[in-house]
Amino acid sequence: MVAAATIFLSYQWKNMRFTYTEANLLPDEHDVNNTYNDFLDKFGEEGNLIILGVKDSSLFTVEKLNAWNKLSHDFGAFKEIETVISLGDLQKLSKNNKSESFDILPFIEDSIASMEQIESLKEELFTRYPFYDNFLFNTESQTVRSALYLDKAIVNKPARKDFIINDLIPKVAEFENEYNLDVRISGMPYIRTLNSQNIIDEIGVFIAFALLVTSVIFFFFFRSYRATFISMIVVLIGVMWTFGILGLLQYEITVLTALIPPLIIVIGIPNCIFLINKYQHEVKKHGNKVKSLQRVITKIGNATLMTNVTTASGFATFIITDSKLLTEFGIVASLSILAIFILCLLIIPIIYSFMPHPKDKHLEHLNKRWINGFVDWMERMVKHHKIAIYVTAVVLLAASLIGINMIRISGSLIEDMPKKTEFYKDIRFFESEFNGIMPLEIMVDTKRKKGVMKIATLKRMNELQEVIEETPELSKPISVVELVKYAKQAYYNGNPKYYQLPSSQENSFILSYVKNSSSDVSLLKNFVDSTGRYARITTFMKDIGTDKMERIEEDLQNKINNVFDKERYDVTMTGKALVFQKGTKYLVNNLVLSLSLAIFLISLFMAYMFRSFRMIIVSLIPNLLPLLVTAGLMGYLGVPIKPSTILVFSIAFGISVDDTIHFLAKYRQELQANNWKIRKSVYAALRETGVSMFYTSIVLFFGFSVFTISSFGGTVALGALVSATLLFAMLANLLLLPSLLLSLERSIANQEVLKEPVFNIIPEEEDQVNSTS
């Protein structure tokens, strides 16, 4: 059955595909998404700009400048490119009094022939035509760039990746080598392609490292090739099932779902540890292999079911967020965790039933001195130093609450991207030269046809653009206003002092010149829709934090409210940067909800096990404290709340509560065996489960640490924070939980609470068949 299921799920791999869009964290029907989609309906995909830039004075030589213009021109021949705008394509408007129209004249005829021509071009562009300033060049640093507009139909398709990887990058590299120029490349299609390629490359690395780390630790503990090999087989089948589930549900592999296969390895190995450790413990006790396997299933199997259900619940809480990205992650992760439990419970006892009796060397690890020393230390701490444990817990809690107040929220699109890659350095380059590449769009609805070209509308848009220009985090805006100003400058024979909006009187005859001109002069289609009712103002934003972005948004909204009459205009802000920031805010609000749900579900499991409110509280305290400590650490270390770190709390809580369940399940069995003597039962449970809890926590700690090798900042933070949380959780469950049980001894020493066992435990005295005495 396992083989058949594995073959079936492996067949589903053909349906797996990698995402070609950036993460949208908001529900499909959210107002912010509706506004963004409305903008796309009017003006098409806004994230289709690829930018090539050079900051090198040697570019302004005849050979290199001609080669630069030829490079841009060659890209225009590709079917994937819609439009190219470079220095060689720049055109100036020239007034033609005879036809009462504007002629379009190129700045560069065919090619450049001399240095005098270059100097003339620089003087003309950098001083006389403010329309092009900060769009294709920076007049201060003389950085030059070319704009490639990708075909909007392929922006979210595999063809985008093929063009960038196979055509754009090799062609630019060839140009760099031939002319010894450093060409910077950026723009959303380019960033998204290289970023997703990094995700794909890291999946294999994560799986390999997770297998290596967990198998080495596993072998170090058990010193058994057989046990290590069996465990690796189990988790590898689990990974195959995970990929099969992704294919079966036809979900895309995103930055989150890419984490699930190594997660399954890290979570599956502790299952194997508990089952194999119990089997060897039982074999050592009475030497009966069959009875040992039966006890593994009845005793550890039940507890492992509960632990896997609670872990799956931690992930499943993401399903209720309404965010497609998180819902898919929650569904695949929770199904995969339940699948790995089924695989562990089926494969391990079956394989061991066919294998020979374990040899003494396989059981030696149970007698290791350092493990016994660790267990003795725990018992001493719980017996004699309860006050010290409580004081430490209270101090940690107080320090954590101070740290939590220092946490900030980050809605940055590029903060988690690999810092050492060339494309990240290029993002920073364009930020410093042109004030950013993250598009922020403002759409103006005049509520009437041809309302955009009214001088009253243009003046209002100009007022708003002045606020944008005064904002250091935003680039110079581009809209129909610049075109109208440029038309007025052309009407006054190119005099730069007339680069301004026309008066009402001037507007009518300047527009008549525009209408009489060739249709090619009209760049309006990029900034005004076909009906003339809607206009867009495009600016680009630096990579800034959520606080700054909210302040900028508030300033712009105040200006919009002051300038645009709500009855006559409907003005909205949108763009990828804003959508992502709103998505982060939405996730933070949902964090409390998903974590509360996880706590509620796990409280239900505890209530089901113990039928006692006090026991629910006792079991939750050791698991909530590590979460608060981690949140405090985030505040002190300056790690912000963002989509990647939001996951930490639900994941860590779902996993850390596993140790609590194992401990309390054993404690419960010991209560029944020891005639409800709490003190004796606590120490017995601590001695037996302490070793397994220590083993699994170490595996989980190093397993999640694998994610710190990632080049993505968010994945590194996720791995480090979950590892730290689980380490705190282990100590809390091994020291604080037994101490709480002993302190509340009188309150919970009530047989009625536990007289209806949930797990059908067979007291060991009744089960001693053929026991070796």
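When R533, R687, R145, R380 are compared by accessible area of protein heavy atoms, the largest-first order is R380, R687, R533, R145, using a 1.4 Å probe.
Across the cross-link table entries K542/K576; K152/K449; K152/K447; K324/K585, which are compared at the Cα atoms, the separations over 19 Å belong to K152/K449; K152/K447. The trypsin sites (Lys or Arg not before Pro) of the stretch 1-108 that DSSP puts in a loop, and whose beta carbon has at most 13 other beta carbons within 10 Å, are K79, K98. In straight-distance terms, cross-link reach from K95 covers every one of the lysines whose alpha-carbon lies under 25 Å from its own, apart from those fewer than eight places away in the same chain; here that gives K122, K450, K454, K459, K485, K488, K497, K515, K525.
Take the chain and mark each of the GluC sites (Glu not before Pro) that is in a DSSP loop with at most 12 other Cβ atoms within 10 Å; the longest unmarked stretch, sites excluded, is 141-566. Lysine pairs in the stretch 170-309 whose alpha-carbon atoms fall under 22 angstrom of each other, counting only those eight or more residues apart or on distinct chains, come to 7. Taking only the Cα atoms of the stretch 169-277, the ratio Rg/Rh comes out at 1.21, with Rh defined as the Kirkwood radius.
Each 10 Å bin from zero holds the following percent of Cα-Cα pairs in the chain: 2, 12, 20, 19, 15, 11, 9, 6, 4, 1, 0, 0.
Which of rounded, prolate, oblate describes the stretch 523-573, given a ≥ b ≥ c as roots of the alpha-carbon gyration tensor eigenvalues and a/c under 1.5 marking rounded, otherwise prolate only if a/b is larger than b/c? Note, shape of the stretch 523-573 comes out oblate. For the stretch 475-492 and the stretch 81-114, what is the separation of their C-alpha centers, rounded to whole Å? Their Cα centres are 16 Å away from one another. Heavy-atom accessible surface of D162, to the nearest 10 Å², is about 80 Å², with a 1.4 Å probe and all protein chains retained.
The mean accessible area for residues of the chain, using a 1.4 Å probe and ignoring ligands and nucleic acids, is 41 Å² per residue. Expressed as a whole percent, the proportion of Cα-Cα pairs in the stretch 648-745 lying more than 20 Å apart is 42%. When the alpha carbon gyration tensor of the stretch 59-117 is reduced to an equivalent ellipsoid, its three semi-axes come out at 25, 18, 7 angstrom, largest first. Select from the stretch 413-497 those chymotrypsin sites (Phe, Trp or Tyr not before Pro) which occupy a DSSP coil region and have at most 11 other Cβ atoms within 10 Å, ordered by residue number. Nothing satisfies the criteria. Once you reduce the stretch 633-647 and the stretch 232-302 to the center of their Cα atoms, the two points are 30 Å from each other. Tell me, what % of the accessible area of the chain is carbon and sulfur with a 1.4 angstrom probe? Answer for the chain: carbon and sulfur cover 57 percent of the accessible area.
The values are calculated or read from the model by the stated rules, or taken from the named source; none is laboratory data. Nothing here was measured: the structure is a model prediction, and the numbers come from that model. Quick reminder, even Gly has a Cβ in these numbers, built from the backbone with ideal geometry, and neighbours come from all protein chains shown. These accessible areas exclude ligands, DNA and RNA; they are computed on the full protein's heavy atoms, side chains included. Shrake-Rupley method; radii C 1.70, N 1.55, O 1.52, S 1.80 Å.
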